[in-house]
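What follows is a short report on a single structure.
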Amino acid sequence: MKKLTLSFIVLFISLPAAAAFKDAGWGARPLGMGGAFTAVANDANGPLFNPAGIDQVTHKEATFMSSKLFTGLEGVEIGQNYFGYIHPLGRQLGTLGIVWSSLYAPGYYREDTGSISYGKYIESLSSSKINVSMGASMRYLRHEYSLDQYTSRDPVFANGYSAAAMTADFGALVALPKMGLSFAFASKCVNSPDVGLKTPDVVPNENVAAVAYYTNMLPYVKLPNFTIDADVVNRDNITDVRIGVETWLMNGKFAIRAGERPQEISMGLGYELGFKKSATVLVIDYAFGWPLQMEQTTGTHRMAVTVRFP
Amino acid sequence: MIKTRVLFIALLLAAAGTLGYTVTVVVTTQATAFVNFSSNAPNNAIVTEANYILKCQADNTFSTGAGAFNDVAGAPTWVVPRENGTAVIGLIEAFIETGTFAYRTGALQCLDYLKNRQEADGGWSKWYDETTHVRVDSATSPSEAGSVIMAMYKASKMGWEDSSHQYYASAKLAGGFIMACITNKPGTANGLAGAGKEYTVSYSSAPTDARGAYKWSDWSWVSDNSYAYLGLITLRDWAVSTGDYAFARTCNQFVAGILTGMNTYLKNPSNAVWYRVVDGNGVKIDGYSEKIDALCYYPQKYDIPVTQYAQQNIAQWMVDNLQVTTATTTVHQGYGAFMWVDAGSETVKQRRSQGFSEEAWLALVDIPGQTALDARTRAKNWWLDYNNANDIQTSSAPVSYQLWDVVKGGILDWYDPIANAVAQWWERFIDTSANCILVYRGGYDYTAGIPQTTTTVSPQIAHTPIVSVSPITGVLTATGTITASAPLRAVSMTYYSNAVPAPATVSSAPGGATTYHFSLSASPDLSTATTFYYSLHAVDAAGNEIRAPADGYYAAQVARAAQATFNASGGQLALPGGNAFGGVASISIPLGALDSNQTITFLEVKPEDVGINPPTGKYTLGVDMPVVMYQFLPEGLTFARPATITLLYPDDNNDNIVDGTTIDASQLSILWWNETYQQWDYVGGVVDTIHKTITCPITHFSVYGVGFKGPLTDNDYRPKEKIITPATIDNYNDFANFGGIGIDDSIYIYDVTGRRVRELQQGTSRWDGKDQDGRIVESGIYIYQIKIHGKNKPISGTIVVAK
């Protein structure tokens, strides 16, 4: 375990970075928390943040998100869709996750990500009540450019308008339940896949170190079911810090979230509907992102529906 | 013709007696040079003959005859212009062979004499006695004129004409005389020259020939017409080389007529050679036309391009009719000699003549085949042998038969072994010496270097006119192709500018080609000129010419241009001139815009200069095409910081409407030519209607134009490129080019997470796909926001980076 942790730390520090498939945000809940979700990752939004985290999911769960980025800007139309499904196989067998995500600007560009993830509880050090989970994802990346009068003669597109590659993510989650702390490491696109048409177009390896704290009741402000997560993300030699908080009110039926990353602040809402007969739970999440540097936009809006099966 | 010569002598004596003159022939008695005619020493023979010609030249003792070649050494009593012309050619050939300057001097003195002696109608009499000032033979003939023209042109081609020796005018006058002999000849044999003009009074009493008449002109001699042809085609060449093209064409027409006439009327259908003479209607004259003598083969000797009989047949005819090919043992028979024949007396066919042997040799040398070779070899061997006296001494012939006059010099014309007689001392002719030189020079091409084509079809010039010329290069090069029916003689370009109105000419040598790809370059001073004018001209050997344009000149606008080298400190470059309102086209390069020394060229250009085609079909100037264009070089140069360009627009009448359009000047914009997509893209600009300028920042070099853009929309600011490929610099989508960016405007680039990756300031109007640290960004979606100074709402859009 120590060796594994150390190896992630080394990976985090030393891997070079270079080009595409940026994390524009997967899921309304994580984005409501500013994208700080690596040390949480406990629902169908989790596989692309940290495959080790999905082992925390106890029921089959599916989520679908649709979002519109930077609304209100004339001339800008960027959309994003996300679908995730978690299938727990049992404590011994681990958990599977399937993800499809796309980012697109109609008439310009589209990129798709398909992923199969697996997370597994590794061991519990009972003496200190430390739970360790590991996970991995195989990802298929594909992007496609649009043909127009300008690109039609560009030699860069002489051999086609799309490119695809395979890559893998690895994650680890160390939870200290009694203390409410979780520590996570994730390394994504570990092989820095090349998705270039003519010249190298490397999707940079992205390494994340995260910590989260959970408490049933945050003192002083009395916020129930409170979670705070901080992710430190390094990609292409640029390091971001993302921080997000979440609290579930109304006996855990209604969530309020807030988050921040360097270029954006965000907030989110969630509402859980239970269906007593089937014990199926439906969760509706909304997230709003407010870019700090961009002007005139009415923000990024994300809406997600999650079904948690009994 | 020698017959004629003897007749002249008789006439001279008769005339002199009639007029009461005492004929005095001054004969020098100086020792003669040893003559060695050995074929192994041709130079010796050439020097001997050339020296003898000089010996016959009259000096300044004779006021009117100075320079004339007499037929014998002594006073100029027997000056034949036709022979003088031949003698001049002989001397020039001797000069070429030996470099002896005295031959040049002698030739020029003779030509000066001939020029001074020329009659008012351009001809020369057949014979002058300059001691008595008598035009002895009262007729002028085309033969005299043609021979003198050839001699004068040869001296001219030697480069000997100078202020003291100018012959073209004289030759041109002589050419006019030959033409008069053709046009005034009675009868229906059109094209042929008549025999010339006869005078009814002597030279002394008739200082001008105004009263002469073309009395004998209805007879067309093959000799006269051969000389007429040679004189006029020589003159045609001369006229072309002096630029006297109209006269060259006139000569060409007459030359063509002579050829047609000779082919039609002078060919003898019953043998291999020509009639000696025909009447004015081209009909042969009994007793004259078919007599046998040298005239019958003159067209062969003089290289006249008449329709030829088989040349071998001419040689055979010459051998059969004029050469001694049998010998007896009793007398020296002169085996191989060609005979002196008087067409009126067959008895003199016995006379062996070195003069005629030389003429025959000059005819035979151009005839291939054994017959001609044997014939000319026999002839030359005869005179070599004879003049060395070996044959004489081994035969019973008297020593006095030796033709070289060891006392007086010169070659006696004949001896007759049958009659046991030899020519009188005065029967020697200066052209015999000249022809001897030509023989020892290996023959003589009478039309050397002169194309014989007589076409009247003008050359054609294929040339795309030059629209504008750059004063930076300072060179205007006109190219094209000329096709001609006759060999091209001259191709030239005449040019001037409104600043330097004196025309200048450049030319190239087409080298006689009939298809010539020309490239004529002029380097005029265009520093202050605005319009450059030029015309092209070509002329062929026949004097046919073509001008392009047919009238006037092409006008090429002189583009305003400037060039300077800048370094990182930047600077300003302005086009010279400017407009009448104080506006100056310029580019200002700020500090730090360049990272190394760079030579920058700034030109005002026309669409054709830069390969920009106007839209097909009807289009509106200023709207579909800029009203003015400027090019900045080197093409594609980019600046780290924007440069500012100021361009002029035309509004000479200051009505704020762009000249030639209906566009309000305030609505003008600067556009740039997107070479890759062949379209004008919007740049922007601030119009100054006072100075008639428009100014805007640019970040790269290209062709910029000033045109009407109309009310701006957000899309005018947005880049046309949706996807850029900055990692591959190939002129395709290397940049995102924004329009209308002013110096106070900004462009911001964001990635899909909303992170600002690049900020473009101070008028920078193109994004090179790099982030603020200079790295090419990741592929994927980016958002731009353009903040226009004074506008609250930015203009946004999406741009994708691909690799």
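Derivation of every value follows stated rules applied to the coordinates shown; laboratory data play no part. Owing to the predicted nature of the structure, the values given are computational and were not obtained by experimental measurement. Here the Cβ positions follow ideal geometry from the backbone for every residue, glycine too, while neighbour counts run over all protein chains shown.
Miscellaneous remarks
- Among A:31-40, B:611-620, the order from most to least packed when residues are scored by Cβ within 10 Å on average: A:31-40, B:611-620
- Computed [θ] at 222 nm, deg cm²/dmol, chain B (DSSP H ≥ 4; -39,500 (n - 2.57); rounded to nearest 500): -8000 deg cm²/dmol
- Helix axis angle, B:101-117 relative to chain B longest principal axis, alpha carbon, degrees: 80 degrees
- Shown here for the range A:148-231: trypsin sites (Lys or Arg not before Pro) in loop regions (DSSP other than H, G, I, E, B) with at most 11 other Cβ atoms within 10 Å, namely A:178, A:222.
- Cβ charges +1 (Lys, Arg) and -1 (Asp, Glu), total dipole of the range A:2-308, debye: 1140 debye
- Karplus 3J(HN,Hα) series, Hz, for the range B:233-250 with 6.51 cos²θ - 1.76 cosθ + 1.60 (x for Gly, Pro): 6, 5, 5, 4, 4, 5, 4, 4, 5, 9, x, 8, 5, 4, 5, 4, 5, 4
- For residues of A:107-116, the mean tally of beta carbons on other chains within 10 Å: 3
- Legend: residue pairs B:692/B:791; A:22/A:178; B:722/B:793; B:185/B:349; A:68/A:178, Cα-Cα distance threshold 29 Å; pairs beyond threshold, A:22/A:178; B:185/B:349; A:68/A:178.
- Crossing angle, helix A:2-14 versus chain A [Cα axis fit, 0-90 degrees, rounded to tens]: 30 degrees
- Distance cut-off 38 Å, percentage of C-alpha pairs in the protein assembly as shown lying past it: 67 percent
- Dipole magnitude of chain B, debye to nearest 20 (Cβ charges: Lys/Arg +1, Asp/Glu -1, about Cα centre): 320 debye
- Axis of helix B:354-364 versus longest Cα principal axis of chain B: the two differ by about 40°, to the nearest ten degrees.
- Residue B:593 long-range amide H proximity, modeled H, under 5 Å: B:641
- Computed label-point distance, nm, for sites residue A:91 and residue B:595 using a 7 Å Cα→Cβ extension: 6.3 nm
- Peptide B:770-777 has a mean of 2 when you count, residue by residue, the C-beta atoms of other protein chains within 10 Å of its C-beta.
- Shielding by partners for peptide A:259-267, expressed as the average number of C-beta atoms from other protein chains within 10 Å of each residue's C-beta, is 2.
- Among B:533-539, B:740-746, the peptide with the highest mean count of other Cβ atoms within 10 Å heads the list, and the full ranking is B:533-539, B:740-746.
- For residue A:218, residues with placed amide H under 5 Å, excluding near neighbours: A:223, A:225, A:226
- Judged by the mean number of other Cβ atoms found within 10 Å, the most tightly packed of the peptides B:712-723, B:563-574, B:358-369 leads the ranking B:358-369, B:712-723, B:563-574.
- Here the sum of -39500 (n - 2.57) over DSSP H runs of 4 or more residues, divided by the residues of chain A, equals -1500 deg cm²/dmol at 222 nm, to the nearest 500.
- Estimated vicinal HN-Hα couplings, Hz - the range B:662-677 in sequence order (Karplus 6.51, -1.76, 1.60; Gly, Pro = x): 10, 8, 5, 4, 5, 9, 6, 9, 8, 10, 10, 8, 7, 4, 5, 10
- Phi to ³J(HN,Hα) by Karplus 6.51 cos²θ - 1.76 cosθ + 1.60 over the range B:704-710, Hz, x for Gly, Pro: 10, x, 10, x, 8, 10, x
- Remark: for residue pairs A:60/A:188; B:267/B:291; B:126/B:197, the C-alpha separation exceeds 18 Å in A:60/A:188.
- Modelled spin-label separation between residue B:527 and residue B:370, with each label point placed 7 Å from Cα along the Cα-to-Cβ direction: 7.7 nm.
- Residue B:441 versus residue B:98: modelled label distance in nm, points set 7 Å from Cα along the beta carbon direction: 1.4 nm
- Neighbour-count order for B:437, A:98, A:54, fewest beta carbons within 10 angstrom listed first: A:98, B:437, A:54
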